[in-house]
């Protein structure tokens, strides 16, 4: 017998060689019908794979990320089976699951293929799925694996096999299709009820431009047609909400090849939005005891050699700036933290001075590859709402918890309600990726885990996702369309204080090292704005929107009153514009609606005579007439509500 420990801590005994599916059936037939794969001792397995020793077990369904990944990887195999059936002789590269769906890299040889064929492939996939063929795992020797793919003439699989150890190679077969694969897979193809092939792209084999370009086919599948329908609806909605499209329509930002790829230019309206976000954060930081600092956009190369950033980010940085002095080199800064370390070092510190919280909206630069640039989400120059807290070791957990409070305040104020905190730790099998002492890493990881638990956060733990100098807590936020974004990060760092020889005098009159906490609730301001645009579809909360009010005179006769009104609102710190165009009022209202202006003030003869405004709300229509004083009070109440106050 073997002991199986379930996620709730309960332990059950089963005969040696039982599978996760056997366990599921013993718990509930209904549960068993939904099991896609299983996590055995932290590793994802096929649900029917035999378990031969005492193990921890988590049954994975469609509701689990790893369950979805298994489902989509199995769907890639189903698509490959359909392709081999429709296009005999097709060769296959790799076919992984991705965040939403899967892809497979395919070599069609001399056969013609274009996106018009996707519907035909979808039909074939559904036809094969209905056969409910099982995904059968088989361990094979390296010699047999080579023989199999030699016979098929598939040089891509042969190249993959070449890099594998004998004894670690497995094949999976479903129906008439066999593939080299590590797995895991769902029990059978019948789970796949809805299929959509999304698009076709070119992809160089193994990402090497000198190798052959294969056809990459992207797809997604679901266990219910209703879920596919919902996904396709959200896909269309995402196109409407694309921040690049809305950024242009709402005149927020632009790009210029003359300025340089990946270097955004903020237009007046976008700058107002950005400045409001910065002011919001500055006010929150002052309340939380942060002190503002400003550092240069460049630093001496030795600064980043000392910090370790040159070693880790050197290839992703812009080339060093050579000065007239021989051997003197500067870099566009890839991070703000080394500069803040030098501010800390600018004078002696005592334990009574700590924690010291330094905050900066600092612009940093990374040389992202041109093919990876994407609107504001992936740029070469971006601003971080960066802060570094220098504290004593006994203050770490409390400071970390205060930063969590600040991050959650930001999310609440901007309407991000659905998030998970990801505890990002070192990969214990690949420690050479990181710098610093083992004992300090253990201490830092424990502080993060305890703080997250004490704040009651919904957390997941990811090995290998830590920063090179320390573990971190990343906030994974779901937007209005259910997409996940990484926004906000908090990192504990015992390493940079060591590298910069930071010190404070303790109560024992001895020198000690402070601990650094890195934090950025927005993360990249550019990326945050992009996600915010798509989350709210360009309809920002009233406190944040660049043009809060549009004043719409019915005719030119009321231009003077409109201007008087504009001045009164400006005095009350309400921003907007007067639409002086010689257009009918209906057209002006429609245009203001398209521009997503939150409030429209219509002024005509009655309003001018009585010093009133006729108020309309975006998407809600007429709100009645008010005096200017009453409108300002109404506006401030609406603005406060939009900030969650």
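Some points to look at:
- Failed item, numbered, when residue 492 is tested on (1) buried (at least 20 other Cβ atoms within 10 Å of the Cβ); (2) closer than 21 Å to residue 399 by Cα; (3) modelled with pLDDT under 85: (3)
- Close pairs from the stretch 511-523: first under 17 Å from residue 496 (Cα atoms), partner part of a loop (DSSP other than H, G, I, E, B) and modelled with pLDDT under 90, Cβ under 8 Å, at least 6 apart: 513/494; 515/494; 516/494
- From the options 569, 525, 542, residue that is in contact with a helix residue (DSSP H, G or I) (Cβ under 9 Å, 6 or more places away or on another chain), more than 30 Å from residue 338 (Cα to Cα) and not assigned by TED's automatic domain parsing to the domain that holds residue 633: 542
- Subset of the stretch 283-313 that is surrounded by 15 or more Cβ atoms within 10 Å (Cβ to Cβ) and without any contact (Cβ under 8 Å) to a residue 24 or more places away in the chain - its residue that is farthest from the chain's Cα centre (by Cα): 305
- Candidate set: the stretch 51-73, residues that are closer than 15 Å to residue 3 by Cα and in contact with a helix residue (DSSP H, G or I) (Cβ under 9 Å, 6 or more places away or on another chain); chosen: the one surrounded by the fewest Cβ atoms within 10 Å (Cβ to Cβ): 58
- Pairs meeting the criteria (first residue in the stretch 18-30 and touching a residue at least 24 places away in the same chain (Cβ under 8 Å), second residue assigned to a helix (DSSP H, G or I), beta carbons under 7 Å, at least 6 apart or on different chains) are 21/32; 24/31; 24/32.
- Each residue in the stretch 615-627 was checked for being surrounded by 12 or more Cβ atoms within 10 Å (Cβ to Cβ) and within 18 Å of residue 579 (Cβ to Cβ), and 4 pass.
- Residue in the stretch 34-42 that is more than 29 Å from residue 206 (Cβ to Cβ) and out of contact with any strand residue (DSSP E or B) (no Cβ under 6 Å at 6 or more places or on another chain) present: yes
- Any chance residue 253 is within 22 Å of the chain's Cα centre (by Cα) and in contact (Cβ under 8 Å) with a residue 40 or more places away in the chain: yes
- Identity of the residue in the stretch 36-50, part of a loop (DSSP other than H, G, I, E, B) and crowded, with 22+ Cβ neighbours inside 10 Å, that ends up nearest to the chain's Cα centre (by Cα): 36
- For the stretch 160-169, a residue qualifies if it is in contact with a helix residue (DSSP H, G or I) (Cβ under 8 Å, 6 or more places away or on another chain) and surrounded by 14 or more Cβ atoms within 10 Å (Cβ to Cβ), and the qualifying residues are 161, 164, 169.
- Elements of type helices (runs of 4 or more DSSP H) contained in the stretch 261-372, each with 3 or more residues being within 30 Å of residue 507 (Cβ to Cβ): 268-287, 337-344
- Residue list for the stretch 156-200, restricted to those being more than 34 Å from the chain's Cα centre (by Cα) and over 23 Å from residue 121 (Cβ atoms): 158, 162, 165, 166, 167
- Condition met for residue 290 (closer than 22 Å to residue 374 by Cα, assigned by TED's automatic domain parsing to the domain that holds residue 372 and out of contact with any helix residue (DSSP H, G or I) (no Cβ under 7 Å at 6 or more places or on another chain)): no
- Test result for residue 152, surrounded by fewer than 20 Cβ atoms within 10 Å (Cβ to Cβ), outside the structural domain of residue 481 (by TED's automatic domain parsing) and more than 30 Å from residue 62 (Cβ to Cβ): yes
- Test set (1) surrounded by fewer than 23 Cβ atoms within 10 Å (Cβ to Cβ); (2) under 26 Å from residue 377 (Cα atoms); (3) in contact with a helix residue (DSSP H, G or I) (Cβ under 8 Å, 6 or more places away or on another chain) - residue 467 fails condition number: (3)
- Applying the condition of being touching a residue at least 24 places away in the same chain (Cβ under 8 Å) and under 37 Å from the mean Cα position of the chain (by Cα) to the stretch 618-635 and asking which residue is nearest to residue 570 (Cα to Cα) yields 635.
- Test for residue 262: is it touching a strand residue (DSSP E or B) at 6+ places or on another chain (Cβ under 8 Å), touching a residue at least 12 places away in the same chain (Cβ under 8 Å), surrounded by 19 or more Cβ atoms within 10 Å (Cβ to Cβ) and farther than 24 Å from residue 413 by Cβ: yes
Every residue, every condition in (1) out of contact with any strand residue (DSSP E or B) (no Cβ under 9 Å at 6 or more places or on another chain); (2) loosely packed, with under 14 Cβ neighbours inside 10 Å; (3) assigned to a strand (DSSP E or B), yes or no:
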position: 570; (1), (2), (3): no, yes, no
position: 606; (1), (2), (3): no, yes, no
position: 613; (1), (2), (3): no, no, yes
position: 631; (1), (2), (3): no, no, no
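- Residues of the stretch 202-221 that turn out to be more than 21 Å from residue 479 (Cα to Cα) and in a strand (DSSP E or B), as a count: 11
- Residues of the stretch 409-428 that turn out to be in contact (Cβ under 8 Å) with a residue 12 or more places away in the chain and outside any strand (DSSP E or B), as a count: 11
- Look at (1) at pLDDT below 90; (2) surrounded by 20 or more Cβ atoms within 10 Å (Cβ to Cβ); (3) closer than 23 Å to residue 338 by Cα and you find that residue 485 fails only one, number (3).
- Filter result for the condition that a residue is within 25 Å of residue 516 (Cα to Cα), assigned by TED's automatic domain parsing to the domain that holds residue 395 and loosely packed, with under 13 Cβ neighbours inside 10 Å, over 333, 347: 347
- Of the criteria (1) surrounded by fewer than 23 Cβ atoms within 10 Å (Cβ to Cβ); (2) part of a strand (DSSP E or B); (3) on the phi > 0 side of the Ramachandran plot, which one residue 461 fails: (3)
- Residue 207 at pLDDT below 95, outside the structural domain of residue 380 (by TED's automatic domain parsing) and either in contact with a helix residue (DSSP H, G or I) (Cβ under 8 Å, 6 or more places away or on another chain) or at positive phi (or both): yes
The values are calculated or read from the model by the stated rules, or taken from the named source; none is laboratory data. These numbers were taken from a predicted model, which means no experiment stands behind them. Note: ideal-geometry Cβ built from the backbone for every residue, glycine included; neighbour counts use all protein chains shown.
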